[in-house]
């Protein structure tokens, strides 16, 4: 595993303590499939899987960096395509 520098470690710690518990509280194992920073500064975070084994996967859309204490978040969901 790569060694993280101090600012990166602090950002990850802040995200886990201040963002993940409230927004991702019901996400199964609090796992993230993908997190994307969009050109307009918003962040899209998609859960690894539905929390209850259902078919709707949670999505969080932040209006800015999720570590910003003033970040607003919309809770969304999506239904992944079925595997054949």
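The values are calculated or read from the model by the stated rules, or taken from the named source; none is laboratory data. What you see is a predicted model, and the numbers here were worked out from it, not measured in a lab. Quick reminder, even Gly has a Cβ in these numbers, built from the backbone with ideal geometry, and neighbours come from all protein chains shown.
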Open item on the list: Tell me yes or no: at least one residue of segment 59-69 is exposed (fewer than 11 other Cβ atoms within 10 Å of the Cβ) and assigned to a strand (DSSP E or B).
Closed with: no
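Limited to segment 21-35, what total is found for residues that are part of a helix (DSSP H, G or I) and at pLDDT 70 or above?
Adding up the residues that qualify gives 2.
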Open item on the list: Go through (1) in contact with a strand residue (DSSP E or B) (Cβ under 8 Å, 6 or more places away or on another chain); (2) at pLDDT below 80 for residue 9 and report which single condition fails.
Closed with: (1)
Open item on the list: For residue 40, only one of the following conditions fails: (1) modelled with pLDDT of 90 or more; (2) over 16 Å from residue 25 (Cβ atoms); (3) under 13 Å from the mean Cα position of the chain (by Cα). What is its number?
Closed with: (3)
Task: Residues within segment 43-58 that are surrounded by fewer than 17 Cβ atoms within 10 Å (Cβ to Cβ), in contact with a strand residue (DSSP E or B) (Cβ under 6 Å, 6 or more places away or on another chain) and over 10 Å from residue 27 (Cβ atoms), tallied - done: 2
